[in-house]
Amino acid sequence: MVLNQHIADAQAAHDQAASLLAAHAGFDANGHVTDRQQARETVKAVREALRKGHTALVSAVSDFRHAVNGVRQSGQ
């Protein structure tokens, strides 16, 4: 089912963002910037991963709504 694939894609994007944040390249243990360029790249990569996850979840909701509407229209 396509819905399950969207959810799996969203989870993968979430896991990627979590991994990037855990590595916190360009930041020290307290979250302070130690390397400005590296920190910028980290934030950009996390933002992109979260954007992919968001897009996947929006697609999952859309597919779910279409499926529900299909069931309603078929009278089941």
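The values are calculated or read from the model by the stated rules, or taken from the named source; none is laboratory data. These numbers come from a predicted model, not from an experiment. Neighbour counts are summed over all protein chains in view; Cβ atoms, including those assigned to glycine, are modelled from backbone coordinates with ideal geometry. Just so you know, the surface numbers come from the protein's heavy atoms only, side chains and all, with ligands and any DNA or RNA stripped out. Shrake-Rupley method; radii C 1.70, N 1.55, O 1.52, S 1.80 Å.
In the chain, the portion of solvent-accessible area held by carbon and sulfur atoms comes to 56 percent [1.4 Å probe, whole percent, DNA, RNA and ligands not counted]. Rounded to the nearest 10 degrees, the inclination of helix 36-74 to the longest alpha-carbon principal axis of the chain is 10 degrees. Based on protein heavy atoms only, the chain ends up with 76 Å² per residue of surface accessible to a 1.4 Å probe. Against the chain, whose longest principal axis is taken from its Cα atoms, helix 2-23 shows a tilt of about 10°.
Mean sequence separation of contacting Cα pairs (under 8 Å, at least six apart), scaled by the length of the chain, corresponds to a relative contact order of 42 percent. Sorting the segments 67-73, 23-29, 12-18 by their mean number of nearby beta carbons within 10 angstrom, highest to lowest, gives 12-18, 23-29, 67-73.
The tail of the calculated P(r) for the range 1-40, taken as Cα-Cα distances beyond 16 Å, holds 49 percent of the pairs. In µm²/s, what is D for the chain at 20 °C and 1.002 mPa s, where D = kT/(6 pi eta Rh) by Stokes-Einstein and Rh is the Kirkwood radius from Cα pairs? Estimated diffusion coefficient is 151 µm²/s.
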